[in-house]
Amino acid sequence: MKNKFSINIRFITGLITIACIGLSGAALAQNPKSKSDSNSNKAKASTLSSADKAFIKDAAKGGMMEVAMGRVAEKNASDSEVKNFGARMVKDHSKANEDLKAIAKEENVGWPAEKEAGKWKSDKDYMDAMVKDHEKDLAEFEKEAKDGSDPKVKSFADKTAKTVREHLEMAKEIDTKLK
């Protein structure tokens, strides 16, 4: 009887071991991440199309320039509406830049260096530049929102296009008042 009992225990233990190995294999097949996989996320290559990468870089450069020029306008403009517009550019484009920087970091896309703000002779020159720049930016953001390949970049472009459209309308309105 003792022999039967020890054989049954060994048999049951063997079955349990085989079942555990089978279950762990099934679990690994469903979630095959290993230590090397999690380390590769840190230096993952971007899966973005070249057009999406170019959009990110161009939008980053433009956004940083809007912030820099907005700061100058906020400080140096004569007209209070132009000063307020400059402050709005700093606020809105800083927020957009943060959002875009997060996407760029996640996708391992390099962030461009900041450049100095352009110079202008008058409030009118600044607002003329803002109208022209926002018309160009709006077209680029709408194109990316429509034709981009990455959902995060498309969503960013769509959301930001709405803000750029508001800026364009404000810039046109202020620009027509200036002489």
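The values are calculated or read from the model by the stated rules, or taken from the named source; none is laboratory data. All values derive from a computational prediction rather than experimental measurement. Neighbour counts run over all protein chains shown; Cβ positions are idealised from the backbone, glycine included.
Summed over the stretch 124-171, residues that are surrounded by 15 or more Cβ atoms within 10 Å (Cβ to Cβ) and touching a residue at least 12 places away in the same chain (Cβ under 8 Å) total 32. Screening Lys91 with (1) closer than 17 Å to Asp137 by Cβ; (2) outside any helix (DSSP H, G or I) gives one miss only, at (2). Lys121 meets the stated requirement of being part of a loop (DSSP other than H, G, I, E, B), without any contact (Cβ under 8 Å) to a residue 24 or more places away in the chain, charged (D, E, K, R) and out of contact with any His (no Cβ under 7 Å at 6 or more places or on another chain).
Residues of the stretch 51-80 that are within 30 Å of Lys154 (Cβ to Cβ) and of a type in the set (A, V, I, L, M): Ala51, Ala54, Ile56, Ala59, Ala60, Met64, Met65, Val67, Ala68, Met69.
Restricting attention to the stretch 107-122, does a residue exist that is in the same structural domain as Met170 (by TED's automatic domain parsing), at pLDDT 95 or above and under 13 Å from the mean Cα position of the chain (by Cα)?
Scanning the stretch 107-122, I find no residue that is in the same structural domain as Met170 (by TED's automatic domain parsing), at pLDDT 95 or above and under 13 Å from the mean Cα position of the chain (by Cα), so the answer is no.
The single condition from (1) over 30 Å from Thr47 (Cα atoms); (2) touching a helix residue (DSSP H, G or I) at 6+ places or on another chain (Cβ under 9 Å); (3) of a type outside the set (Ser, Thr, Tyr) that Lys121 fails is (2). Reported count of residues in the stretch 94-111, each being of a type in the set (A, V, I, L, M, F, W, C) and under 20 Å from Leu138 (Cβ atoms), is 3.
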